[in-house]
Amino acid sequence: MTKRVLLIIGGGIAAYKSLFLIRVLARRGIKSTVILTKGGSEFVTALSAGGLSGEKVYTDLFDLTAEAEMGHIELSRSADLVVVAPATADLMAKAAHGIANDLATTTLSATDKRTLYVPAMNVRMWENAATQRNVKTLTDDGAFMLGPDEGEMACGEFGEGRMAEPEAIAETIEKILKGDTTLDGLKGPKPLAGKKALITAGPTREAIDPVRYLSNHSSGKQGYAIAAALTRLGAEVTLVSGPTAIDPPACAAFVPVESARDMEAACHNALPADIFIAVAAVADWRPDGSADKKIKKGKSGIPALKLVENPDILAGIATAKNRPELVIGFAAETNDVVAHAKAKLTKKGCDWIVANDVSGDVMGGDHNAMIVVTAKGEDAFPRLKKEDAARRLAEKIAEHFA
Ligand code: CTP
């Protein structure tokens, strides 16, 4: 069956490339229905877009003839994929915030199809924090993002901002239409769609009395980054987190907990899942009974702290009746990292263990050098930012399920 894309041409100098795109797609047997934004029509005309696509070009939400022929809702559903090229900072900002005040943005918010954004803008605009936030929101919400490429731009500056070339866009579109979304340069593939992931993160707090507790230096950054990375790959993520100072990532469910026992209960409550990743630095011990009133200094001298062992959440999930298919533990070690990690893999009954040397700045820091130990061997990632390490781990998980 002939495939069709709904091509939204935004207002940027790269709009001329989208005219080529229509031809390149047609050569591959893919038809284009074009929406030309007001900005887009400053750069290319509806006449040329229509001449190339061989179809009516839609230009305005309040085009009554178009509404009578094909309403904007129907238009948004008429294609197999929505492509925004060039995707301007303005179009992406509106789409990320659900603003629907013209035909293009109304179509983007009404569509039930996947959307591929092909950004093109000045390098500073691309690097701008707001643009990057919007890009993240869009990809977190399931959109694909191709490029931008690095190179010289129409404005004379050099950097990331050039729109991808029509051939590359067409190739990506073809692959997405075939269901292949694991492409280089394409942000937002969803190979884990339909999979449920349960992740623990952060420290736990073990109460001594209502104001004091035992805990550790875990920041939650690595676990949150993994939750975000798996969400971006399409997994439905439940993140069970001890107290942290960072904002939770966008994921299906966020369950804040305090103690190891709370965390354990929340995890079992969240089963069944396909993937379990124990990233939390669970306190191994807790005070044997916490006082319900603040312990006062006084006659009884310095209180002795008697500890009891906390439940091992990872081992419990790995042996649960409804055990997830892939159970991944973390091993925080300061010496003989891989050997200790291997011992934990067996002892806790998990499928993979991520060995972490925490003798440096890993705990609380922004970087990590993971060694993923599986039955097949060891995969040592270089020292990476926690977000990048999370992405690599998420990709490895996606490969496992592929
Ligand atoms: N873990 C857990 N519940 C616990 C302790 C640890 O789920 N009560 C999980 C951690 O989330 C991690 C793995 O077990 O995925 C290993 O944690 P780690 O602290 O490295 O090991 P421990 O089992 O605590 O052993 P040790 O402290 O002796 O190294």
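The values are calculated or read from the model by the stated rules, or taken from the named source; none is laboratory data. Here the structure is a predicted model, which means the values were calculated and not measured. Here the Cβ is made from the backbone with ideal geometry for all residues, glycine too, and neighbour counts use every protein chain on show.
Values computed for the structure shown
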| quantity | calculated |
| --- | --- |
| Residue within region 3-21 that is modelled with pLDDT of 95 or more, farther than 11 Å from Leu103 by Cβ and out of contact with any strand residue (DSSP E or B) (no Cβ under 9 Å at 6 or more places or on another chain) present | yes |
| Within region 77-153, strands (runs of 3 or more DSSP E) holding 1 or more residues that are within 16 Å of Val5 (Cα to Cα) | 81-87, 115-119, 144-146 |
| Per-region count, region 249-285, residues in a strand (DSSP E or B) and within 23 Å of the chain's Cα centre (by Cα) | 9 |
| Residue list for region 34-46, filter: surrounded by fewer than 20 Cβ atoms within 10 Å (Cβ to Cβ) and within 34 Å of the chain's Cα centre (by Cα) | Lys38, Gly39, Ser41, Phe43 |
| Strands (runs of 3 or more DSSP E) (entirely within region 294-402) containing at least 1 residues that are within 16 Å of the ligand (Cβ to nearest atom) and surrounded by 13 or more Cβ atoms within 10 Å (Cβ to Cβ) | 307-309, 326-333, 352-357, 370-374 |
| Ala280 of a type outside the set (D, E, K, R) and either more than 16 Å from the ligand (Cβ to nearest atom) or in contact with an Asp or Glu (Cβ under 8 Å, 6 or more places away or on another chain) (or both) | no |
| Verdict on Pro287 being without any contact (Cβ under 8 Å) to a residue 24 or more places away in the chain, more than 10 Å from the ligand (Cβ to nearest atom), closer than 18 Å to Ala207 by Cα and surrounded by 13 or more Cβ atoms within 10 Å (Cβ to Cβ) | no |
| Boolean, Asn269 is near the ligand (Cβ under 10 Å from one of its atoms) and not basic (Lys, Arg) | no |
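For (1) within 13 Å of the ligand (Cβ to nearest atom); (2) modelled with pLDDT of 95 or more, each residue gets a yes or a no:
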position	(1), (2)
Ala228	no, no
Gly234	no, no
Cys251	no, no
Ala260	yes, yes
Ala273	no, yes
Ala291	no, no
